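In what follows, a structure is listed as structure tokens, so that the remarks can point back to it.
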Amino acid sequence: MKKKAMICALAMLLSSFGAGLPVQAIDLGSVLKVGGIGLIVNQYGDQVNNFLNKLLMQKGVGTDYATKVVPIISVGNGKYIGAVQVVGPTGQVDKVKAVGQLEGSFNGNLFRAKALVPLDSTNVSKLNRVQGVGVSAIIDIQF
């Protein structure tokens with residue numbers, strides 16, 4: 001039921017953007033994924049965080065630091081592309097609003113790298129790293 005309500009809300013939101021614009025083909029699936037990730041993290045982030053903490057404790061690799069689930073934002077285009085669990089001191093974890101993903105390659109594309117940077121905002125035009133916080137888990141969201 002929650003999934004249906006979320007899809008209806010996304011559809012209404014997306015339909016409001018198209019008013020007065022020329023008709024063009026869009027990939028609704030990718031639009032729902034990009035917009036839906038932020039909504040899913042807001043809705044289920046605490047539950048996913050608790051699940052991860054229990055899983056890590058059961059495997060003997062838990063932490064005494066604070067944890068939180070936040071969206072991953074692709075730096076460059078500002079799209080929500082996934083979710084991660086961040087870990088660190090409570091005051092610092094509370095500041096994290098998203099994790100920015102930076103990608104690059106070198107040595108003739110022999111090496112590719114993805115850097116995950118805890119940020120204090122979802123606004124990719126103002127990148128401010130939150131020091132002392134790391135990424136402890138990557139969360140795949142299936143649509």
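Of the set (1) part of a helix (DSSP H, G or I); (2) crowded, with 17+ Cβ neighbours inside 10 Å; (3) among the small types (Gly, Ala, Ser), all apply to GLY91 but (2). Could you please find all residues in the stretch 100-127 being surrounded by 14 or more Cβ atoms within 10 Å (Cβ to Cβ), assigned to a loop (DSSP other than H, G, I, E, B) and polar (S, T, N, Q)? Scanning the stretch 100-127 gives SER121, THR122. Which of the residues that make up the stretch 39-53 are surrounded by fewer than 16 Cβ atoms within 10 Å (Cβ to Cβ) and not charged (D, E, K, R)? Within the stretch 39-53, ASN42, GLN43, GLN47, ASN50, PHE51 meet the criteria.
So, in the stretch 40-58, how many residues would count as being closer than 16 Å to ILE138 by Cβ, without any contact (Cβ under 8 Å) to a residue 40 or more places away in the chain and not aromatic (Phe, Trp, Tyr)?
Qualifying residue count for the region: 4.
Filtering VAL70, VAL86, VAL117 for residues that are within 19 Å of GLY36 (Cα to Cα), touching a strand residue (DSSP E or B) at 6+ places or on another chain (Cβ under 8 Å) and aliphatic (A, V, I, L, M) leaves a single hit, VAL70.
Tallying residues that are of a type in the set (Lys, Arg) and more than 17 Å from GLY134 (Cβ to Cβ) within the stretch 68-107 yields 1.
None of the figures in this text is laboratory data; all of them are computed from the coordinates on show. Computed from a predicted model, the values in this text were never measured in an experiment. With ideal geometry, Cβ positions are generated from the backbone for all residues, glycine too; neighbour counts draw on all protein chains shown.
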